[in-house]
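The values are calculated or read from the model by the stated rules, or taken from the named source; none is laboratory data. All values derive from a computational prediction rather than experimental measurement. All Cβ positions, even for glycine, are placed from backbone atoms using ideal geometry, and neighbour counts span all protein chains on display. These accessible areas exclude ligands, DNA and RNA; they are computed on the full protein's heavy atoms, side chains included. Shrake-Rupley method; radii C 1.70, N 1.55, O 1.52, S 1.80 Å.
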There are 2 protein chains.
Amino acid sequence: METIQYNLPPNRIPLAWYNIAADLPKPMAPPLHPGTLKPLGPDDLAPLFPMSLIMQEVSTEREIEIPGEVRQLYAQWRPSPLFRARRLEKALDTPAHIYYKYEGVSPAGSHKLNTALPQAYYNKKEGTKHLSTETGAGQWGSALALACAFFGLDCKVYMVKVSYNQKPYRRALMEAFGATCIASPSDTTDVGRAILAANPETNGSLGMAISEAVEVAAKDPNTKYALGSVLNHVLLHQTVIGLEAIEQMALADDDPDVVIACAGGGSNFAGLGMPYIGRKLKGACPSLTKGKFTYDFGDTSHLTPLLKMHTLGSTFVPPGIHAGGLRYHGMGPLVSHVLDLGLAEATTVQQLDAFAAGIQFARSEGIIPAPEANHAVAAAIAEALQAKQEGKQKTILFNLSGHGHFDMQSYIAYQAGKLENYEYPAEEIAMALAGLPSVG
Amino acid sequence: METIQYNLPPNRIPLAWYNIAADLPKPMAPPLHPGTLKPLGPDDLAPLFPMSLIMQEVSTEREIEIPGEVRQLYAQWRPSPLFRARRLEKALDTPAHIYYKYEGVSPAGSHKLNTALPQAYYNKKEGTKHLSTETGAGQWGSALALACAFFGLDCKVYMVKVSYNQKPYRRALMEAFGATCIASPSDTTDVGRAILAANPETNGSLGMAISEAVEVAAKDPNTKYALGSVLNHVLLHQTVIGLEAIEQMALADDDPDVVIACAGGGSNFAGLGMPYIGRKLKGACPSLTKGKFTYDFGDTSHLTPLLKMHTLGSTFVPPGIHAGGLRYHGMGPLVSHVLDLGLAEATTVQQLDAFAAGIQFARSEGIIPAPEANHAVAAAIAEALQAKQEGKQKTILFNLSGHGHFDMQSYIAYQAGKLENYEYPAEEIAMALAGLPSVG
């Protein structure tokens, strides 16, 4: 039998997350306070996050221990499988070896549970009763809803309105896990009401939903806020992906020449990529290719700290493409910094190419990828076809960050010829960037 | 760390399926020809099935070798995990040990791929170009669609109209895998047109969809028919589940006092149960509890052979309950025979109890079960609560046959209080049974 899965036993779940901050040749720019524009201290973040997560956010320790209770919960699906896509290789008739780390086996359906669990754990430990958050595609909201069910926390999810309407089943999943799900912008917050007053027909955006979720947490001492990407501690928790992949590639007696992941806020990319740092990386996200590396807010209402990151401008509302998890104006500052240092590179994949790749992958490998992950599949297939053209063996590793079982509407639209590619509007982005405070 | 998964490496995928016919104290009643009412010979089935599957259907060999190519494809997700539901045990505060074999990790989402792959394999090998089939809940149609994609066969799926309308995303999944999906009854067949003429508003039923799929195969020499349950060869292929489970329970150093599976046509039940034969078994299906053990047709139009099985009467149209995979008038003759011999027992679980159990399971174990599997979850929880009441340790093993990612509409209906229990109408069933030919 040909080996197609390289699996590790549960005792090989990493004992610690990997913090790349310890190894960077140059430190990251600090986050800034939205009022004073001065660097933030840990106390400034205390209304939003438990102290253990704030300490992780600013840590420069190389290894941060994974709590036993979190490892125990990881054992439900971790170490996640590493597959060799042998049937796809045959379909492409390529000399390349294609491997994918599959995070869709997580009970919430994506890599997001890797960070939802420790976030719920530390909050529970420090006395939090309720967590508020936002979700775009719904993968993050589902993961946090499940983590809250495991730890007995209330969970309120602001879901970007376009996704809320496109994905009733995703909402049903969060509700089955016991969470409350609200279409954003909503009339449950001051910022939501203000946005609706100005633009009642808005599709919403992750930036707006963040503003609402942050407001809820800031106003109630028993409520904290949880974020599914962008911040250092979130990216940190995802490094279990890459740490496992390095061991699994060794089992496969192979080593990637190229490591690929899609990037919205950057946590999926960081998860596979950071442990592979120093090697050539490749992402897929317009904020990395069309944006600017500068200080910007995480939300549209400018309640969050300013982070130095690749951004399209926080007032820019991304179009309603189906890969909702990639529809964010910004990018994790850590990922932005790594790109700025030349340790990784970014590329864009158009929506139609992404879905074509996803269908080809499904028919070869049997798994329907999430629309976000289709971008990574497309980049991997492009690499494999290039290897064929050049007649070169090449080893490709990509992260299949989640399954698309709750995204079938987008496949229906694609198969019916109703999806289009989207050009990011240079002028709108320039305007959104011009409105930023002049720091950094 | 507490162990929650008992996994086997790919080389422990069984080398052979287990055929209980070799070990039965009394042989099964033979299938009858629908025209002559005489026992069928292999040649009578040749228009519908490839000869290798017909030989499996009538085989009394204890072990039937799994082809290498099928084992290679099984290796994508097999051996499937065996979980100990420790968090559910804690939530129930029960002394019972609850284990579940999880078939939802199959790329098609359920145990159905275990038989879809060998059926596609043998058809391909014997020159079949097209496969026709029916699907109720959609799990079987998705599995056959994927198996056909792997083997390069055309696939046409007649989907029971009520499910077709309830589950557009299930249909989209089949189409993503490359299959054609048609709402049944349809105007593409003679029987479909006749049913529609008599009852244009019908919800359809598995029995009607079988009639259509059989007609398509019978009329075209390049088309064969594939069935997802009921027949011996289908049940045979599912025995990989129980064979693996026996090894995994040994790894767990535990042994089930009770083995539970839900049953529609019986393949899921047979998959886990047959290898455990001789022990006490427990199923959940009205045709086992309300029906009669007699000869009946597999379809509504009486095109199929007559099988001796527990049946509600082939003209009885089951109500539109959400566990679509259990909505079939009959039951695998092999399962019926095993029950008749007293080797297993049947119980019924009502729809509301099933969904309540599914929600509790989701919040403890993180997995949203398919509505069919909720029936097994409910039976397992009932056993665990009884153990608690009796203060007895008991080991429970059930089959979680699939995930519910494409069944969220039923969870929405349940959570909104829109589902009801259903009493099977004694009078209608009696009438349907009275109309059967007087054999057996």
Can you list the aspartates and glutamates whose alpha carbon sits under 13 Å from that of residue B:129, skipping same-chain ones fewer than 8 residues off? B:154, B:220
DSSP beta bridge pairing in the protein assembly as shown, given as percent antiparallel to the nearest 5: 40
Which residue in chain A puts its Cβ closest to the axis that rotates chain A onto chain B, and at what distance in whole Å? A:405, 2
Above 19 angstrom, tally the Cα pairs of region A:106-166 and express them as a % of all pairs, no decimals. 26
Separation of the residue B:93 and residue B:250 label points, Cα + 7 Å toward Cβ, nm: 3.8
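For region B:323-440, what is the accessible area per residue in Å² when the probe is 1.4 Å?
On the way: 4210 Å² over 118 residues.
For region B:323-440, the solvent-accessible area averages 36 Å² per residue.
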Can you list the aspartates and glutamates whose alpha carbon sits under 15 Å from that of residue A:308, skipping same-chain ones fewer than 8 residues off? A:57, A:296, A:299, A:340
Per-residue Cβ counts within 10 Å, from other chains only, averaged over B:101-107: what number is that? 2
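Using a probe of 1.4 angstrom, how much of the accessible area of region A:72-171 is carbon and sulfur, in percent?
Numbers: 1100 of 2290 Å².
Exposed carbon and sulfur together represent 48 percent of the surface.
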All aspartates and glutamates inside 17 Å of residue A:101 as judged from Cα atoms, apart from same-chain residues fewer than 8 positions distant: A:89, A:244, A:247, A:253, A:254, A:255, A:257, A:365, A:372, A:383
Computed from the beta carbon distance with a Förster radius of 56 Å, FRET efficiency for residue B:63 and residue A:23 to the nearest 0.05 stands at 0.50
List the residues of region A:379-421 for which accessible area in the full set of protein chains is at least 20 Å² lower than for the chain on its own; 1.4 Å probe, protein heavy atoms only. A:405, A:406, A:408, A:409, A:412, A:415
Number of partner chain Cβ atoms within 10 Å, mean per residue of B:173-183: 3
How much area per residue is accessible in region A:1-46 when the probe is 1.4 Å and only protein heavy atoms are counted (Å²)? 55
Distance between region B:1-58 and region A:362-418 - C-alpha centres, whole angstrom: 37
Most positive-pole-ward Cα, B:218, B:273, B:250, against dipole of region B:211-278 from beta carbon charges: B:218
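May I ask which of B:112/B:219; B:26/B:112; A:125/B:394 have a Cα-Cα span longer than 31 Å here? Provide the component values of the computation, followed by the final result.
Numbers: B:112/B:219 26 Å; B:26/B:112 28 Å; A:125/B:394 34 Å.
Violating the 31 Å Cα-Cα cut-off are A:125/B:394.
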Within 10 Å of the Cβ of an average residue in A:143-152, the count of other chain Cβ atoms is 2
Please name the residues of region A:5-48 whose accessible area, counted over protein heavy atoms with a 1.4 angstrom probe, falls by no less than 40 Å² between the chain alone and the full protein assembly. A:5
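Roll a 1.4 Å probe over the protein chains and send me the accessible area per residue for region A:74-143 in Å². Write out the running numbers ahead of the final one.
Working: 1480 Å² over 70 residues.
Result: 21 Å² per residue.
Compute the Rg/Rh shape ratio of region B:2-64: radius of gyration over Kirkwood radius, all on alpha-carbon atoms. Intermediate values should be presented prior to the final figure.
On the way: Rg = 17.5 Å, Rh = 14.8 Å.
Value, to two decimals: 1.18.
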Working from Cα positions, state the angle (0 to 90°, nearest 10) between the long axis of helix A:351-365 and the longest principal axis of chain A. 50
Give the nm distances, rounded to one decimal, from residue B:420 to the matching residue in every other copy, measuring between label points 7 Å along Cα toward the beta carbon; shortest first. 4.7
Sorted by mean Cβ packing within 10 Å, highest first, what order do the peptides A:21-29, B:185-193, B:405-413 take? B:405-413, B:185-193, A:21-29
From the label point of residue A:11, set 7 Å from Cα along Cα→Cβ, how far away are the matching label points in the other copies, in nm, ordered shortest to longest? 2.0
Convert 10 °C to kelvin, take the viscosity as 1.306 mPa s, use the Kirkwood radius over C-alpha pairs of the protein assembly as shown as Rh, and evaluate the Stokes-Einstein diffusion coefficient in µm²/s, rounded to a whole number. 57
Mind ranking B:256-264, B:142-150 by how tightly packed they are, going by the mean number of other C-beta atoms within 10 angstrom, highest first? B:142-150, B:256-264
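What is the dipole size for chain A, taken about its Cα centre, with +1 at each Lys and Arg Cβ and -1 at each Asp and Glu Cβ, in debye to the nearest 20? Walk me through the numbers before you get to the answer.
Details: 35 positive and 42 negative charges, 94 e Å.
About 460 debye.
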Checking the table B:161/B:224; A:167/B:418; B:124/B:292; A:224/A:418 against a 31 Å threshold on Cα-Cα, which pairs fail? B:124/B:292; A:224/A:418
State, in square angstrom and to the nearest 100, the accessible area buried between chains A and B, both chains counted, probe radius 1.4 Å. 3700
Tell me, what is the FRET efficiency for residue A:420 and residue B:426 to the nearest 0.05, using R0 = 60 angstrom and their Cβ-Cβ distance as r? 0.60
Given the C-alpha atoms of chain B, compute the convex hull and give its volume per residue in Å³. 132
Determine the distance separating the Cα centre of region B:109-182 from the Cα centre of region A:76-141; give it in Å without decimals. 28
So what does residue A:51 come to for accessible area, using a 1.4 Å probe and Å² rounded to 10? 70
Output row for residue B:67: copy-to-copy label distances, label 7 Å along Cα→C-beta, ascending, in nanometres, one decimal, is 5.2
Go ahead and collect, in residue order, the members of region B:33-61 whose backbone nitrogen is under 17 Å from a label point 7 Å along the Cα-Cβ direction of residue B:125. B:49-61
Could you report the accessible area of residue A:90 in Å², rounded to 10, computed with a 1.4 Å probe on the protein chains as they sit in the structure? 130
